[in-house]
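The values are calculated or read from the model by the stated rules, or taken from the named source; none is laboratory data. Here the structure is a predicted model, which is why all the values come from computation and not from measurement. Here the Cβ is made from the backbone with ideal geometry for all residues, glycine too, and neighbour counts use every protein chain on show. Side chains are part of the model used for accessible areas, which takes the heavy atoms of the whole protein and leaves out ligands, DNA and RNA. Shrake-Rupley method; radii C 1.70, N 1.55, O 1.52, S 1.80 Å.
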Amino acid sequence: MLAKVCSAAVNGIEAYPVEVEVNAGWGDTVIVVVGLPDAAVKESRDRVATALTNSGFKFPMGRTTINLAPADVKKEGPSFDLPIALGILAANEQIETDQLENFIIVGELALTGAVRPVKGVLPIAIRARDEGKVGVLVPVENAAEAAVVSGLEVIPVRNLREAAGFLENEVRIAPTRVDVAKIFEDGQNQDMDFAEVKGQESVKRALEIAAAGGHNVLLIGPPGTGKSMLAKRLATILPPLTLDEALETTKIHSIVGLLAPGQALITTRPFRTPHHTASDAGLLGGNINPTPGEISLAHHGVLFLDELPEFKRSVLETMRQPLEEGRVTISRAAGTMTFPAQFMLVAAMNPTPDGKMPGESRCSPREIQNYLGRISGPLLDRIDLHVEVPQVKFHEISSERTGETSAEIRKRVVAARRRQQTRFAGKPRVTCNARMGPKEIREFCALDEHTRELLKFAMADFRFSARAYDRILKVARTIADLDGSDNITSDNVSEAIQYRSLDRQLWG
């Protein structure tokens with residue numbers, strides 16, 4: 001007898017349907033899996049056979065052929081265990097059900113028959129809804145993740161016997177429900193606050209501008225000045241995630257397997273901090289079958305690179321295209337994958353190899369230049385704000401006064417972002433000032449004659465590149481948004497110019 005079970009797999013960050021066809025025939029007792037299965041899928045034969053026996057079902061006799069369609073796409077992982085087992089039961093008439101075509105089924109089986117969690121359930125649930133399915137059968141630990149998709153019955157199953165009983169209408173399982181609004185409300189608690197940072201008001205101002213416009217920022221200063229402390233608190237002043245952004249971010253983390261058991265959504269913007277020994281594949285994504293890397297895991301959030309010159313130059317150069325386009329394309333023999341990568345780059349570095357300012361450093365000018373030369377000019381051009389972080393003075397450290405809280409700064413940032421959303425209505429590609437292209441810069445960054453002359457002299461004196469010119473205009477547009485102004489003034493441009501310290505090579 002032939003049975004068909006609906007399942008799904010993930011390709012990139014999207015899911016595609018997989019039909020599990022099981023045929024029970026005559027001949028020697030053997031289970032054959034075809035349809036380009038990888039090693040984990042081939043091993044499912046032994047897991048499924050043992051799980052069936054330990055769950056009280058009969059071991060299938062004769063030749064059992066399992067086809068995973070489409071047959072020209074490689075199938076990976078253990079998520080097909082549960083649909084294969086249910087297909088075998090249906091093909092051998094150990095269960096009778098007409099529900100198989102109504103549900104997409106995924107899950108790994110333990111030898112006891114228990115159903116274990118798998119990766120990528122959120123994109124699979126979205127695919128099930130798009131395919132018009134009634135619902136999904138998923139492991140209990142993945143149920144909350146799938147339940148954020150509206151219009152879908154999410155059936156959590158603990159073991160093979162329970163899944164078979166549900167399909168035969170012998171076991172009633174209540175669909176999992178989640179309150180998305182409450183999840184967002186519970187996820188807004190922040191452990192860190194800008195009020196904890198003593199002094200550094202000019203740096204806080206620069207980070208506020210970066211958050212308001214989605215700009216990349218480089219913090220330059222000696223050790224102990226609070227660069228990492230400031231960077232980690234940047235996420236607390238970014239605008240809240242929208243539901244669409246949360247779903248897209250959660251999909252990426254689900255595919256990589258970074259969601260905690262029972263976690264439904266990522267409701268706070270990611271903050272990723274890879275070590276400086278990270279490889280190209282670790283940062284961009286890769287392996288034989290491409291998976292998202294750190295820059296995709298930071299999608300809609302912050303990627304913090306501490307000790308920037310210590311990263312391999314080849315690794316840093318690979319970020320140039322994602323910084324411009326907001327996505328990364330990885331080509332391998334197995335195929336080409338495109339992952340979203342709209343992130344804010346926040347980097348920190350010392351001004352010299354020994355960490356001291358140039359006037360105090362024992363390093364020679366050549367050593368300092370070689371150190372700074374580890375970061376290429378094209379990469380620096382893509383960083384909008386270069387911010388010097390000075391030593392904190394004693395009276396600032398010892399003072400009982402605290403600065404503005406993250407909540408107060410965030411209100412101004414959110415107000416500036418709302419102005420940008422209104423301005424860019426009808427332009428889905430442009431989500432903030434940092435994402436403006438040449439057309440939007442011409443349209444929304446017009447300068448009066450006096451301000452244009454100011455920028456002209458700055459370009460000539462400091463030898464700014466054409467890309468730096470665009471960055472200055474974008475930052476000036478954000479400063480004007482924070483001021484609530486529709487026009488960019490000379491003061492806005494002057495402030496934006498001072499955030500190009502590495503271009504001007506001003507230190508100390």
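Numbers below:
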quantity	calculated
Some residue of the stretch 210-217 being closer than 12 Å to E388 by Cα, open to solvent by less than 20 Å² (accessible area, probe 1.4 Å) and in contact with a helix residue (DSSP H, G or I) (Cβ under 8 Å, 6 or more places away or on another chain)	yes
Residue check for E101: open to solvent by 20 Å² or more (accessible area, probe 1.4 Å) and either touching a Phe, Trp or Tyr at 6+ places or on another chain (Cβ under 8 Å) or at pLDDT below 90 (or both)	no
Only one of N169, N216, N189 that is on the phi > 0 side of the Ramachandran plot and out of contact with any Gly (no Cβ under 9 Å at 6 or more places or on another chain)	N169
Residue match in the stretch 189-202 (condition: open to solvent by 10 Å² or more (accessible area, probe 1.4 Å), part of a helix (DSSP H, G or I), touching a residue at least 12 places away in the same chain (Cβ under 8 Å) and in contact with an Asp or Glu (Cβ under 8 Å, 6 or more places away or on another chain))	yes
Some residue of the stretch 37-57 being within 26 Å of G285 (Cα to Cα), crowded, with 17+ Cβ neighbours inside 10 Å and under 34 Å from the mean Cα position of the chain (by Cα)	yes
Tally of residues being assigned to a loop (DSSP other than H, G, I, E, B) and surrounded by 19 or more Cβ atoms within 10 Å (Cβ to Cβ) across the stretch 307-342	4
Test set (1) in contact with a Phe, Trp or Tyr (Cβ under 6 Å, 6 or more places away or on another chain); (2) β-branched (V, I, T); (3) over 17 Å from E162 (Cα atoms) - T53 fails condition number	(3)
Test result for E367, more than 32 Å from the chain's Cα centre (by Cα), of a type in the set (D, E) and not in a loop (DSSP other than H, G, I, E, B)	yes
Where a residue in the stretch 98-120 is hydroxyl-bearing (S, T, Y) and its partner, wherever it lies, is open to solvent by 10 Å² or more (accessible area, probe 1.4 Å) and in a strand (DSSP E or B), with Cβ under 8 Å and at least six apart	T112/N159
Test: residue in the stretch 478-489 that is at pLDDT below 95, of a type outside the set (D, E), open to solvent by 30 Å² or more (accessible area, probe 1.4 Å) and at positive phi	yes
Top-ranked residue of the stretch 1-30 - restricted to ones that are hydrophobic (A, V, I, L, M, F, W, C) and without any contact (Cβ under 8 Å) to a residue 40 or more places away in the chain, ranked as surrounded by the most Cβ atoms within 10 Å (Cβ to Cβ)	V30
Checking T64 against (1) modelled with pLDDT of 95 or more; (2) over 25 Å from the mean Cα position of the chain (by Cα); (3) surrounded by 23 or more Cβ atoms within 10 Å (Cβ to Cβ), the condition it does not meet	(1)
Filter result for S364 (hydroxyl-bearing (S, T, Y), farther than 30 Å from K74 by Cα, modelled with pLDDT of 85 or more and loosely packed, with under 15 Cβ neighbours inside 10 Å)	yes
Qualifying residue in the stretch 23-40 (condition: out of contact with any His (no Cβ under 7 Å at 6 or more places or on another chain), among the hydrophobic types (A, V, I, L, M, F, W, C) and within 20 Å of N102 (Cα to Cα))	no
Matching residues, the stretch 158-171, being among the charged types (D, E, K, R) and under 16 Å from D98 (Cα atoms)	E168, E170
Enumeration of residues in the stretch 54-88 that are hydrophobic (A, V, I, L, M, F, W, C) and in contact with a Lys or Arg (Cβ under 7 Å, 6 or more places away or on another chain)	L68
Candidates K439, K456, K411, filtered to the one that is at pLDDT 95 or above and open to solvent by 80 Å² or more (accessible area, probe 1.4 Å)	K411
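So that you can scan it fast, the table gives a plain yes or no per residue for (1) in contact (Cβ under 8 Å) with a residue 12 or more places away in the chain; (2) closer than 18 Å to P240 by Cα; (3) among the aliphatic types (A, V, I, L, M):
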site: I397; (1), (2), (3): yes, no, yes
site: R401; (1), (2), (3): no, no, no
site: K411; (1), (2), (3): no, yes, no
site: Q420; (1), (2), (3): yes, yes, no
site: F424; (1), (2), (3): yes, no, no
site: M436; (1), (2), (3): yes, no, yes
site: A480; (1), (2), (3): yes, no, yes
site: G484; (1), (2), (3): yes, no, no
